[in-house]
Amino acid sequence: MTKNKPVFFMGINLRKLRKAVFSKTTLRGIVAIIATGFIWELCARFEVPIIGMIPAPSSVFSSLLAQIQDKDYWECWVYSYDRVLSGFIVAQIIGIPLGLIMGMSRNFRDLTFPTLEILRPIPPLAWVPMAVIFWPTPEMSIIFVTFLGAFFTMVLNILGGVKNVDVRYIRSAQSLGSSNKDIFWRIVLPATLPSLFTGMTVGMGITWAVVVAAEMIASRSGLGFLTWKSYVAGDYPVIVIGMISIGIAGYISSAVIRMLGNRLTPWLKII
Amino acid sequence: MNEHHNPAGSGSKMQGGQMQISAISKYFGIGPLRKQIINDCTFTLESGKLTVLIGPSGCGKTTLINLLAGYETPDSGTITVDGSPIKGPGKDRLVVFQETALFPWMTTLQNVVYGPMVRGEKDKKELEDEAMHLLHKVGLAEFRDKYPLQLSGGMQRRCELVRALINRPKIMMMDEPFRGLDAMTRELMQEYYVRLFEENHLTNLFITSELEEAIFLADRLIILTNRPASARTVIEIDLPRPRDFKILVTKEYLHYKQNALEILHEEAMKAFSVGSGAAVADFLEAYSEVKAK
Amino acid sequence: MTNTQHKSPPNASGLISDAKTAGKISIRNVSKTYDPDGVNVLALDDCSLEIQAGEFCVIVGPSGCGKTTLLNAIAGFHDITSGQIDLDGELLCSKDKQAEPGADRIVVFQQGALFPWYTVLENVVFGPSVQGKMSGPKAKKAAEDILAQMGLQGILHSYPSEISSGMRRRVEIARAMMNDPKILLMDEPYRAMDALTKTIMHKNLLDVYDRSGKTVFFITHDLEEAIFLGTRVVVMTTRPGKIKKIIDVDLPRPRDFRILASEHYLELKKEAIESVHEEAKKAFEAGERELA
Amino acid sequence: MSAISLFFFRTKLWLKSPTPYLTLLGLTLLILLWWLTTEVWQLPRFEKLPGPVSVFKEWVSKDPSYGISIYMPEYYGHIWRSVLRVLQAFGLATVLGVTLGLFMGWNKIFKDYTFPVMEILRPIPMLAWVPLAILMWPEREMAIIYLTFLASFFATTLNTLLGVESIDESYFRAARCLGAKERHIFFRVVIPGAMPFIFTGLQISMGVAWFSLVAGEMLAGEYGLGYLIWNSFILVQYPVIVIAMVTLGVIGWASSAIIRFVGTLLMKWQTRESS
């Protein structure tokens, strides 16, 4: 019946951490992942139809060792990141102000929202040919399609965020003597930040999917192209390496956004 | 309004803060959807007194406070503060909302200094000192850098009180501020609030649907009719101040309570024959059964 | 909805029985320790309490004093660290045995737990229907009877979200009574209702209680409610929860609002306020210290 | 007041507000701008894009120059193939995803074993599977359906799981109190309780299904709207690209509208709540 105190190390509750790490859940997770890898290997070895066509983990691993020493492989990362970031950042630059204005002004929303709603259901990749026709370089067309992928999500999330700002916040700010400028910068903007970051996270996911596909369709570089090229060239283990790389790259991007989001919205961390 | 004395300064009874509400009415919606929420409502908030408005849930109390605060304008009638009609929201009439409207993205201190800061009054240092002084008074000094979500319900309500007080409003309007707290925290908050009031004697308007709370706090108790709301009866509550929870078990208190219940009951029966919305169904039921006895 | 027939005899299906024989709870030296985040928290400390069959036992105490922990142990939602709880002389739970949730001990929850996806009628027949105790039409008939007894006949096919919060609570009590439980466990069921609504809820609950003679285990923060409803009021200390005081409420039954004005009621209230207020303050200050 | 007259009244109010006119104005402006830049002023770069007039003429022509218009059976052939693929993939994903999600949410041990594997696969964008899918499946058709399925499947499963986990604990407790056995809890608490989230998941899943279908068809299709877009691009039949894009938009919108409609039908308890 002793009342133990939690032990903290660098802001982490060690007891809680230990409990989480050495739990049955973690153990089961590890077992499941190892078992999956093992079954995958067996399927590949015994050439089970369909699943067996996926290159075995062992061959993927040996090919990975070759890849990470290859400069071309790392260049693919750079190209893909370059495209993702360009498209994503442009989407932020245009999407954030647009979403905010749409949320603040009813007339502007009525004017632009239906247009957005009409264009939104068209899958971003369907834009690829038009983009290629329009933009002078293929690079620009890929960035444009990438931009589209993130853009709609951003605008809609911000719009929703602004519309959901609790009217009581605006009212108390008014009573306390805020100007319209104050209300925008000190109330509406921070109140919208959480949905802005939700939009960014979702948008980042879409961006990677679009970049990968666009690279396969209309480019000769990047991680998506690496995957496609390996398929065409019959170097199958590299397909899996490409996929895993894309997964990791996407994961890193979302993690960065999450970190940024946590940093900028500290009030959401409830004790 | 710019004197630099202690905002919660004890016994500063010089302030005005007499609010006159004359024959205001308010409708919502248009055409066949038009509904009257407030009907020809007249009452006075006397300077330096704590007036409590009580009425069944859904009777239009919140609309009334929105009108007094200036967030909405009445369709007819006038509202004046110390003789001059109100124009929109202003820092002379501050509202403490149901639940709380502390800005979640600002720390306790930032919330408290928000008003004077956006109005550009005083320098930062002076403002913070004043805020800390008030926070200290309600036991929140250690929590200056916490965000509202990190505070307990009771602390949030106190922070909200301080955020209003630092502006030295003429009138404080409390819209069911302790709703949603558990009964015990609620009682402690009532004590805090009554103590702050007894120190400042600002004009206070307090809206509630709890009779016990109403009588415990009030100098004057105004009972509202059912929707469309108007002021029905004013009961002067002549219980001694400073008050504490011992008065809840006195005969005088009980007398006021029974008296008020009687009127509320009558109001409920009237509403019952009109058959207003489902929100008041519980209330109607309660009092029709009381009468059946 | 205006008038419940309080004089009506127990209905034909016999669901609300007169038997006061069952539902005796003995709580003996019960303790419970939680272990969230690797920190041991003692929620209940050596509580002993005997609840007679047919008693209306009200537990009051500040937030986090372990009232709900005790209720959850009886209901079977979690285990206890030491001690033992018996129901009618049979072991219900102990250190090694967690109670099974069952239809003999039905809980009415703080936030209300009517299934929002079922209509009122479907909610009320849920118990007998999953227990396979009654045929469909028979259960439906019984449910209609019980709802009518409680003055709820007009809303059989409404969804819970369409009726007022007071009605929802009453439907929940009806749903519990359908199962003829030995004991009714109520976890602050009227919290967050305004005082005017509460009065009708109290009267309704007392009606059901006076007629059925069920044992009721009732948790609340509200002293007025506690004294008005209870046969005994048990005051608990702030965490770790211990039993601080037991107040016998010897007000006559059936009770109505007149007793709120009686001398004796005031005395009882004074007694309760004194012991609870002290604990509440302690809990409040402890809570603030914890946050700091 | 009756529902019908209320409806008319609301419509009248709406017509009096600026909303419908601004909406109309916005759309007109969009098309006007498109028309001016491409067909009237023929600005650099814009001149290459098909203009609204040429697209519209082609679309309603009885004798289209590129073979695709509302009178041509091929047009409907492409639509039908795409819809069929989405239906197969989406149907399969819904059946498997909802079942898996429900079990994962209901049974902690099952979740412990399956969830980490899903979490590892999830960050890989579904389109990165294209080459592998073609490799795995003997037929292109299967590969495309597989791709479409995969995207929907993850969205559905995760939302269903989220739905089950978001059900308030007190509903489970209430059900146990009332004597419900595990199977009752599953059918009468877990399934209806998770329903709102399942339908949110289905809407997302429908969106991503179309998204990956287009990519799949562009890369590996021999028919379908995505293929039509890509093929018209290669054959320099630009108006057809726009026709296919607009068609995709309309069908995509319609399919999520259908899901919303079914959702409202199935969850009366929720719709009545909001009204």
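Of the residues in the stretch D:25-37, none is under 13 Å from D:TYR238 (Cα atoms), modelled with pLDDT of 85 or more, open to solvent by 70 Å² or more (accessible area, probe 1.4 Å) and not aromatic (Phe, Trp, Tyr). Taking the stretch D:133-225 and the helices (runs of 4 or more DSSP H) fully enclosed by it, the elements with 2 or more residues that are surrounded by 19 or more Cβ atoms within 10 Å (Cβ to Cβ) are at D:140-165, D:169-177, D:191-220.
The single residue among C:ASP45, C:ASP88, C:ASP79 that is acidic (Asp, Glu) and either modelled with pLDDT under 85 or in contact with a Cys (Cβ under 9 Å, 6 or more places away or on another chain) (or both) turns out to be C:ASP79. For the stretch C:244-272, filtered to residues that are outside any helix (DSSP H, G or I), more than 8 Å from chain B (Cβ to nearest Cβ) and open to solvent by less than 50 Å² (accessible area, probe 1.4 Å), the residue that is nearest to C:ALA43 (Cα to Cα) is C:ILE247.
Considering only the stretch A:227-239, state which residues are open to solvent by 10 Å² or more (accessible area, probe 1.4 Å), assigned to a helix (DSSP H, G or I) and either aliphatic (A, V, I, L, M) or without any contact (Cβ under 8 Å) to a residue 40 or more places away in the chain (or both).
The first filter runs over the stretch A:227-239 and keeps only residues open to solvent by 10 Å² or more (accessible area, probe 1.4 Å), leaving A:228-229, A:231-237.
Next, only the ones that are assigned to a helix (DSSP H, G or I) stay: A:228-229, A:231-233, A:236-237.
Listed by number, the residues that qualify are A:TRP228, A:LYS229, A:TYR231, A:VAL232, A:ALA233.
Within the stretch B:214-238, the set of residues being touching a helix residue (DSSP H, G or I) at 6+ places or on another chain (Cβ under 7 Å) and part of a loop (DSSP other than H, G, I, E, B) comprises B:THR225, B:ASN226, B:ILE237.
Just checking, which of B:THR51, B:THR73, B:THR80, B:THR42 is without any contact (Cβ under 8 Å) to a residue 24 or more places away in the chain and in the same structural domain as B:VAL194 (by TED's automatic domain parsing)?
Working: B:THR51 fails: without any contact (Cβ under 8 Å) to a residue 24 or more places away in the chain; B:THR80 fails: without any contact (Cβ under 8 Å) to a residue 24 or more places away in the chain; B:THR42 fails: without any contact (Cβ under 8 Å) to a residue 24 or more places away in the chain.
Being without any contact (Cβ under 8 Å) to a residue 24 or more places away in the chain and in the same structural domain as B:VAL194 (by TED's automatic domain parsing) holds for just one of B:THR51, B:THR73, B:THR80, B:THR42, which is B:THR73.
Number of residues in the stretch B:56-90 that are in a loop (DSSP other than H, G, I, E, B) and on the phi < 0 side of the Ramachandran plot equals 12.
Scanning the stretch A:98-114 for residues that are open to solvent by 60 Å² or more (accessible area, probe 1.4 Å) and more than 11 Å from chain D (Cβ to nearest Cβ) yields A:ILE101, A:MET104.
Looking only at the stretch A:198-218, filter to residues that are open to solvent by 20 Å² or more (accessible area, probe 1.4 Å) and more than 9 Å from chain D (Cβ to nearest Cβ); which one of those is farthest from the chain's Cα centre (by Cα)?
Restricting attention to the stretch A:198-218, the residues satisfying the condition of being open to solvent by 20 Å² or more (accessible area, probe 1.4 Å) are A:198, A:200-202, A:205-206, A:217-218.
From what's left, more than 9 Å from chain D (Cβ to nearest Cβ): A:198, A:200-202, A:218.
Details: A:THR198: 10, A:MET200: 7, A:THR201: 5, A:VAL202: 6, A:ALA218: 22 Å.
In this case the residue turns out to be A:ALA218.
The single condition from (1) within 14 Å of chain D (Cβ to nearest Cβ); (2) open to solvent by 20 Å² or more (accessible area, probe 1.4 Å); (3) under 30 Å from A:LEU226 (Cα atoms); (4) among the small types (Gly, Ala, Ser) that A:SER86 fails is (1). All conditions in (1) in a loop (DSSP other than H, G, I, E, B); (2) touching a helix residue (DSSP H, G or I) at 6+ places or on another chain (Cβ under 6 Å); (3) basic (Lys, Arg) hold for C:ARG239, with the sole exception of (2). Considering the stretch B:104-128, and only residues there that are away from chain A (no Cβ under 13 Å) and of a type in the set (Asp, Glu), the residue that is nearest to A:PRO266 (Cα to Cα) turns out to be B:GLU128.
Could you list, in sequence order, all residues of the stretch D:1-24 that are more than 10 Å from chain A (Cβ to nearest Cβ) and open to solvent by 70 Å² or more (accessible area, probe 1.4 Å)? Within the stretch D:1-24, D:MET1, D:ALA3, D:ILE4, D:PHE7, D:PHE8, D:ARG10, D:LYS12, D:TRP14, D:LEU15, D:LYS16 meet the criteria. When residues in the stretch A:134-155 are screened for being surrounded by fewer than 21 Cβ atoms within 10 Å (Cβ to Cβ) and touching a residue at least 40 places away in the same chain (Cβ under 8 Å), 2 of them pass. From the set of residues in the stretch A:21-64 that are open to solvent by less than 60 Å² (accessible area, probe 1.4 Å), under 29 Å from D:MET142 (Cα atoms) and in a loop (DSSP other than H, G, I, E, B), which is farthest from the other protein chains (Cβ to nearest Cβ)? The residue in question is A:ALA56. Here C:SER275 meets each of (1) in contact with a helix residue (DSSP H, G or I) (Cβ under 8 Å, 6 or more places away or on another chain); (2) open to solvent by less than 30 Å² (accessible area, probe 1.4 Å) with one exception, condition (1). Taking the criterion of being within 14 Å of chain D (Cβ to nearest Cβ) and surrounded by 18 or more Cβ atoms within 10 Å (Cβ to Cβ), the residues of the stretch C:147-161 that qualify are C:ILE155, C:TYR159, C:PRO160.
Take D:TRP269 and decide whether it is of a type in the set (Phe, Trp, Tyr), crowded, with 19+ Cβ neighbours inside 10 Å, assigned to a helix (DSSP H, G or I) and assigned by TED's automatic domain parsing to the domain that holds D:THR94.
Working: of a type in the set (Phe, Trp, Tyr): yes; crowded, with 19+ Cβ neighbours inside 10 Å: yes; assigned to a helix (DSSP H, G or I): yes; assigned by TED's automatic domain parsing to the domain that holds D:THR94: yes.
Yes; evaluated as a whole, the condition is true for this residue.
Apart from one condition, D:PRO123 fits all of (1) out of contact with any Phe, Trp or Tyr (no Cβ under 6 Å at 6 or more places or on another chain); (2) open to solvent by 30 Å² or more (accessible area, probe 1.4 Å); the exception is (1). Look at D:ALA194 and say whether it is of a type outside the set (Lys, Arg), more than 12 Å from chain A (Cβ to nearest Cβ) and in contact (Cβ under 8 Å) with a residue 12 or more places away in the chain. When the stated conditions are applied, D:ALA194 passes them.
Tell me whether the stretch C:188-195 contains one or more residues that are away from chain B (no Cβ under 14 Å), surrounded by fewer than 22 Cβ atoms within 10 Å (Cβ to Cβ) and touching a Gly at 6+ places or on another chain (Cβ under 8 Å).
Filtering the stretch C:188-195 for residues away from chain B (no Cβ under 14 Å) gives none.
Scanning the stretch C:188-195, I find no residue that is away from chain B (no Cβ under 14 Å), surrounded by fewer than 22 Cβ atoms within 10 Å (Cβ to Cβ) and touching a Gly at 6+ places or on another chain (Cβ under 8 Å), so the answer is no.
Would you confirm whether or not the stretch B:239-259 contains a residue that is over 23 Å from C:ALA272 (Cβ atoms), part of a helix (DSSP H, G or I), modelled with pLDDT of 60 or more and out of contact with any Phe, Trp or Tyr (no Cβ under 6 Å at 6 or more places or on another chain)? The answer is yes, given that some residue of the stretch B:239-259 is over 23 Å from C:ALA272 (Cβ atoms), part of a helix (DSSP H, G or I), modelled with pLDDT of 60 or more and out of contact with any Phe, Trp or Tyr (no Cβ under 6 Å at 6 or more places or on another chain).
None of D:ARG140, D:ARG173 is more than 10 Å from every other protein chain (Cβ to nearest Cβ) and over 20 Å from the mean Cα position of the chain (by Cα) except D:ARG140.
Restricting attention to the stretch B:31-55, the residues that are of a type in the set (D, E, K, R) and in a loop (DSSP other than H, G, I, E, B) total 3.
Which of the residues that make up the stretch B:83-97 are charged (D, E, K, R) and either open to solvent by less than 10 Å² (accessible area, probe 1.4 Å) or modelled with pLDDT of 90 or more (or both)? Quick ask: steps written out before the conclusion?
Start the filter on the stretch B:83-97 by keeping residues that are charged (D, E, K, R), which leaves B:87, B:91-93.
Residue satisfying the conditions is B:ARG93 alone.
The values are calculated or read from the model by the stated rules, or taken from the named source; none is laboratory data. Computed from a prediction, not measured in an experiment: that's the story for all the values here. Note that we place each Cβ from the backbone using ideal geometry, even for glycine, and neighbour counts take in every protein chain shown. Please note that ligands, DNA and RNA were not included when accessible areas were found on the heavy atoms of the full protein model with its side chains. Shrake-Rupley method; radii C 1.70, N 1.55, O 1.52, S 1.80 Å.
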